[in-house]
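A.B. asks: I'd like to ask some things about the structure below.
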Amino acid sequence: MPDLVGAVWRKSTYSAVNGCVEIAFLDGLVAVRDSKDRQGQTLIFTPVEWRAFIDGVRDGQFDLS
């Protein structure tokens, strides 16, 4: 598990006041957490995994319709 103490967390400007996910770019990794539970679990992705996820979002692979 990478050290997250100095991580700079970012949240989308589209995020509602009640919370969203936050991401932090670390040394060669991307961390993701729930902004409503900042002490909860953090998911860690490699750049390749993160790019695959972002590409899937853009391609509509996760649309619920």
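A.B. asks: Among Thr13, Trp50, Val32, flag the residue with its Cα farthest along the positive direction of the charge dipole of the chain, charges on Cβ as +1 for Lys/Arg and -1 for Asp/Glu.
C.D. replies: Checked the options; the winner is Thr13.
A.B. asks: Calculate, for Asp27 and Phe53, the FRET efficiency according to 1/(1 + (r/R0)^6) with r their C-beta to C-beta distance and R0 22 Å; round to the nearest 0.05.
C.D. replies: 0.70
A.B. asks: What Kirkwood hydrodynamic radius do you get for the chain when you take the inverse of the mean 1/r over all pairs of distinct Cα atoms, in Å?
C.D. replies: 12.9
A.B. asks: Hey, rough spin-label estimate for Phe45 and Phe62, points 7 angstrom out along Cα→Cβ, what's it come to in nanometres?
C.D. replies: In this crude spin-label approximation the distance works out to 0.6 nm.
A short reminder: the numbers here are calculations on the coordinates, not readings from a lab. Keep in mind that this is a model prediction, so the values were computed, not measured. A quick note on method: Cβ atoms are made from the backbone with ideal geometry, for glycine too, and the neighbour counts reach across all protein chains shown.
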